Amino acid sequence: MQIITLFQLVSASILALAANAEVYFKEQFLDGDAWKGRWVNSEHKSDYGQFKLTAGNFYGDAEKDKGLQSSQDARFYATSGRFEPFSNEGKPLVIQFTIKHEQKIDCGGGYVKVFPADLNQADMHGDSQYYVMFGPDICGYSTKKVHVIFNYKGKNHLIKKEIKCKDDELTHLYTLILNPDQTYEVKIDNEKVESGSLEEDWDFLPPKTIKDPEAKKPEDWDDRAKIDDETDTKPEDWDKPENIPDPDAKKPDDWDEDMDGEWEPAMIPNPEYKGEWKPKQMDNPNYKGVWVHPEIDNPEYTPDAEIYKFDSIGVIGLDLWQVKSGTIFDNFLITDDVKEAEDFGNETWGATKGPEKKMKEEQDEKKHKEEEEEEEEEENKEQSTEADNEEKDEGKEEETEEPPEEGDEDDALPKDEL
Ligand SMILES: *[C@@H]1O[C@H](CO)[C@@H](O)[C@H](O)[C@H]1NC(C)=O
């Protein structure tokens with residue numbers, strides 16, 4: 001009886017959990033070419049790069065790790081997948097995917113865009129209006145960041161914080177959580193890397209307060225911390241000429257006043273010259289501190305508790321530029337459940353990362369060995385040609401560079417110098 005009750009309880013709670021989590025979109029590319037029926041390539045331009053389905057050069061699982069890989073260098077890519085439209089009103093919104101830059105990316109986007117349901121997928125392009133743009137972007141050494149861009153009232157707003165992205169060749173998990181209390185969190189590999197509030201970390205709204213335009217610093221506001229000490233007086237002997245005639249200068253013997261004019265010694269800096277006199281400084285008894293401009297509520301500011309809300313989320317897309325192709329996108333997930341996303345991340349990236357790293361390390365090791373062997377071969381070749389040359393030159397070398405046959409240095413000196 002008790003066992004059955006417990007069993008029923010557990011299955012009921014599992015059902016409840018499953019019912020709680022809403023998964024709006026999930027794409028793992030586990031059904032061969034069928035993804036081609038779910039993803040729509042944009043035709044806005046005629047020369048977009050092609051995505052191909054592959055697990056890449058190294059992976060944790062040859063089948064499960066298949067994802068969309070950019071396959072042509074220096075191309076724009078534009079493809080997207082549609083799902084049942086929903087609003088994130090009153091619920092968390094979680095956007096998650098994995099990405100692997102196995103090509104040692106030099107410059108290229110690695111982000112997703114989440115669009116309103118009315119997007120024309122066949123015409124999706126760089127200026128198509130989106131709700132959210134999220135994910136890594138790498139270009140050279142200076143740009144290695146995670147974008148978090150939200151559209152608010154028709155305008156895109158970039159996060160003000162700098163979030164560093166991963167720049168190695170392994171698969172990483174990127175997660176964005178947007179909460180209805182207008183807080184957010186960014187996770188990489190299921191670990192928080194940034195969090196905060198929409199109002200503080202983006203410029204969606206004008207500032208809450210502004211400097212009071214009516215307020216002015218009072219005329220008599222004394223903001224000098226130090227003033228001249230009036231009791232201080234200049235010492236009588238302070239003033240000295242800056243330059244004086246050189247006392248060591250002598251009229252040259254052959255100076256001819258008729259010819260050369262009157263002799264004058266050269267001028268030199270006066271060692272007793274003390275510069276301009278300034279009175280000592282003292283604390284200003286009338287000092288009032290730095291004047292702070294009073295602030296007032298900004299009449300332009302209206303709080304908005306629905307910055308986070310998007311009415312009709314319906315498409316996720318890859319709309320990006322890559323110089324060096326080879327990036328693999330996989331395990332897309334859009335849900336309202338943070339734990340569901342974490343679980344899914346663990347099941348996909350979490351299960352992949354270990355074996356993937358091992359395979360990569362083995363490949364690197366093998367490559368390293370092959371390179372070493374090649375180098376050795378090269379060296380051997382060089383040495384054998386050198387040996388040939390040496391044989392030919394032997395006669396000459398004996399005459400010039402033959403080392404002393406025996407004994408210490410003294411013995412080595414030529415006989416006639418001893
Ligand atoms: C995911 O994996 C991490 C590390 O193994 C673990 O701490 C965490 O509890 C897991 N999350 C879920 C939701 O199971």
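Below is a table of values for the structure above.
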| quantity | calculated |
| --- | --- |
| Potential lengthening between CYS139 and SER312 on full extension [0.36 nm per residue; Cα-Cα distance subtracted] | 59.0 nm |
| Under 14 Å from the Cα of LYS211 - aspartates and glutamates, other chains or at least 8 residues apart | GLU295, ASP297, GLU300 |
| Value of Rg/Rh across the chain [Cα atoms, Kirkwood radius] | 1.31 |
| Most mobile listed residue (GLY67, GLY261, GLY350) in the chain, GNM with C-alpha springs under 10 Å | GLY261 |
| Cβ-Cβ FRET estimate between VAL290 and GLU370, R0 fixed at 60 Å, reported to 0.05 | 0.30 |
| Neighbourhood charge, 13 Å Cβ-Cβ cut-off, centred on HIS44 and excluding it, Lys, Arg +1 and Asp, Glu -1 | -4 |
| Residues ILE149 and GLU214, FRET efficiency given R0 of 41 Å [Cβ-Cβ distance, rounded to 0.05] | 0.65 |
| Within region 346-371: backbone nitrogen closer than 11 Å to the GLU378 label point (7 Å, Cα to C-beta) | 371 |
| Partnerless cysteines, meaning none of the other Cys C-beta atoms lie under 4.7 Å away, in the chain | CYS165 |
| Highest-fluctuation residue, TYR77, TYR287, TYR308 considered, GNM on the chain with Cα pairs under 10 Å | TYR287 |
| Sorted by Cβ neighbour density within 10 Å, fewest at the top, the residues LYS36, LYS309 | LYS36, LYS309 |
| Helical mean residue ellipticity (222 nm; -39500 (n - 2.57) per DSSP H run of 4+; nearest 500) of the chain | -7000 deg cm²/dmol |
| Ratio Rg/Rh, restricted to region 263-349 and using Cα atoms, in which Rh is the Kirkwood radius | 1.48 |
| Chain lengthening between LEU30 and VAL323 when straightened (0.36 nm per residue, less Cα-Cα) | 102.7 nm |
| Relative contact order, percent, region 201-279 [alpha-carbon distance under 8 Å, six or more residues apart] | 36 |
| Relative contact order for the chain, counting Cα pairs under 8 Å that sit 6 or more residues apart, in percent | 27 |
| For the chain, built as a Gaussian network whose Cα springs stay under 10 Å, the top-fluctuating residue of GLU372, GLU306, GLU102 | GLU372 |
| Radius of gyration and maximum dimension Dmax of region 213-254, Cα, Å | 25.2, 80 |
| Charged-residue dipole, Cβ positions (Lys, Arg, Asp, Glu), the chain about Cα centre, Debye nearest 20 | 6160 |
| Most to least packed among 236-247, 323-334, 139-150 [average Cβ atoms within 10 Å] | 323-334, 139-150, 236-247 |
| Two-site FRET efficiency, ALA122 against ASP297, from Cβ-Cβ distance with R₀ of 45 Å, rounded to 0.05 | 0.40 |
| Region 41-104, relative contact order [Cα under 8 Å, separation at least 6], % | 33 |
| Label point at LYS358 placed 7 Å out along Cα→Cβ; residues across region 57-95 whose backbone nitrogen lies under 17 Å | 58-65 |
| Dimensionless Rg ratio for region 180-287, taking C-alpha atoms and the 2.2 N^0.38 Å reference | 2.63 |
| Across LYS100/LYS187; LYS145/LYS192; LYS66/LYS145; LYS26/LYS64; LYS216/LYS288, pairs whose alpha-carbon gap is larger than 19 Å | LYS66/LYS145 |
| Overall dimensions of region 123-220 as given by Cα atoms, namely Rg and Dmax in Å | 18.1, 66 |
| Net length gained if the chain between ASP106 and ALA266 were fully extended (0.36 nm per residue, minus Cα distance) | 50.9 nm |
| Label-to-label distance, nm, for residues given as SER195 and ASP223 (7 Å Cα→Cβ offset) | 4.0 |
| Residue exposure sequence - TYR48, TYR184 - by fewest surrounding Cβ within 10 Å | TYR48, TYR184 |
| GLU84 versus GLN72: modelled label distance in nm, points set 7 Å from Cα along the beta carbon direction | 3.7 |
| Qualifying trypsin sites (Lys or Arg not before Pro) in region 75-123, DSSP loop, other Cβ atoms within 10 Å at most 13 | LYS104 |
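The numbers here are math on the coordinates, done by the rules we state, and not lab data. Just so we're clear, the structure is a prediction, and the values are computed from it rather than from any experiment. Neighbour counts are summed over all protein chains in view; Cβ atoms, including those assigned to glycine, are modelled from backbone coordinates with ideal geometry.
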